[in-house]
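The numbers here are math on the coordinates, done by the rules we state, and not lab data. This one's a predicted model, so the numbers in the text were calculated from it and none came from an experiment. In this analysis, Cβ positions are derived from the backbone assuming ideal geometry, glycine residues included, and neighbour counts consider all displayed protein chains.
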Amino acid sequence: MFSFPLVVHCVLGFGIFNDHSCWFARQVILVVSVSETANLRNLATQLGEDGYVRVKAAKAETTIEIARRFGTLSVIPDLSPVQELIPRAAEQTSASSYGEMYGLREFPLHTDMAHWYVPPHYFLLRCVLPVPHVKTLVVHSRHLFVDEDEVTLRRALFRPRRRLDGRLTSLRLYESGRYRWDPIFIVPITKTAVELRERIVWRIASAKIEELSLDDTMDCIIFDNWSVLHGRTNVTMDCVNRRIERVYLDAVHL
Ligand SMILES: [Fe+2]
């Protein structure tokens, strides 16, 4: 997808030749740069329109190197920059994540960290160990909030299920260009919010949900966590080896 190696080879290859060769090398670099710019513009358009975009790791590139190539890493206290996502059995007591709560069952569609006042903007998933039958689910939130007016969205107040740093901040499902949704970790606190929640649940049940595969260790997907909801299909016993790495990003450079 990207052409850095070709540019480098041209520069090294032609640097020892005559002026004509250098002129040709410059044209090649120009063409490659234009093509790369067009590629990046396409990726940015896809991310803007679909709320996610597929990117490829270069050979031997680590997940953190890929994340740095495409964006700015989020710094989140007590959270490793790269988190390994491994299917495991559910823990019924004090579950505080979808993995602990749902185990190998399907994860419902949600915004990551929907209970935070400002959830992380982007995250990158990288396939470490692919399995054939487990998919990442995604739907753009705009389809779920269709026909909801500004007043409703302003009056529909939610709060985190549990206190965060001893506080319960009120949250809205759409504010300042950010959608959020979570069926578990945020709860409605106004009548308008209860009604909105019911409509969103109903729309999710009838929405067209995309199923994305991560089939190769070079496969990565960048999600706009403020625009799309994501989930995961159930994990059958022959797929429990699935390994995904996740990195939160404050910004994406496309
Ligand atoms: Fe998630």
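Which residues does a label at residue 37 reach in region 51-89, if reach means a backbone N under 18 Å from a point 7 Å past the Cα toward the Cβ? Under cut-off, by backbone N: nothing. Straight-line cross-link reach from residue 135 at under 26 Å between alpha-carbon atoms covers these lysines, not counting any fewer than eight positions away in the same chain: 56, 59, 208. Between the residues 183, 145, 251, the greatest Cα displacement towards the positive end of the dipole of region 143-254, with unit charges on the Cβ of Lys, Arg, Asp and Glu, is found for 183. In this label model, residue 62 and residue 190 are separated by 4.7 nm, measuring between points 7 Å along each Cα→Cβ vector.
Shown here is the pair-distance distribution of region 41-142: with all Cα-Cα distances grouped in 5 Å bins from zero up to the longest one, the shares run 2, 9, 16, 22, 23, 18, 7, 2, 0, 0 percent. Once every Cα of region 53-252 carries one equal point scatterer and solvent is ignored, give the base-10 log of I(q)/I(0) from the Debye formula at q = 0.11, 0.13, 0.17 Å⁻¹, two decimals. Treating every Cα as an identical point scatterer, log10 I(q)/I(0) equals -0.52, -0.74, -1.24.
May I ask you to sort 63, 236 by Cβ crowding, counting other Cβ atoms within 10 Å and putting the fewest first? All intermediate terms of the calculation are to be shown ahead of the outcome.
On the way: 63 22, 236 13.
Lowest to highest Cβ neighbour count: 236, 63.
So for each of 177-184, 55-62 I average, over its residues, the number of other beta carbons within 10 Å; can you give me the resulting order with the highest mean first? Can you show the working numbers first?
Numbers: 177-184: 18.4, 55-62: 13.4.
Top of the packing list down: 177-184, 55-62.
Can you compute the charge dipole magnitude of region 90-195 about its Cα centre, using +1 on each Lys and Arg Cβ and -1 on each Asp and Glu Cβ, nothing else charged? Give it in debye, rounded to the nearest 20. If you can, show how the numbers build up before the last one.
Working: 15 positive and 12 negative charges, 48 e Å.
Value, rounded to 20: 240 debye.
Couplings 3J(HN,Hα) of region 180-192, computed from phi: 8, 7, 7, x, 10, 8, 10, 10, x, 10, 10, 4, 4 Hz, in residue order, whole Hz [Karplus 6.51 cos²θ - 1.76 cosθ + 1.60, θ = phi - 60°; x for Gly and Pro]. Annotation: the residues 135, 208, sorted from fewest to most other C-beta atoms within 10 Å of their own C-beta, follow the order 208, 135. DSSP beta bridges confined to region 53-252 are antiparallel in about 100 percent of cases. With neighbour counts taken as other beta-carbon atoms within 10 Å, the residues 223, 107, 158, 70 rank, fewest first, as 107, 70, 158, 223. Which Cα, out of 58, 164, 124, lies furthest along the positive dipole direction of region 53-172 (beta carbon charges, K/R +1, D/E -1)? Result: 58. Overall form of region 195-254: oblate. Here a/c, set by the Cα gyration tensor axes a ≥ b ≥ c, is 1.5 or more, and a/b is not larger than b/c.
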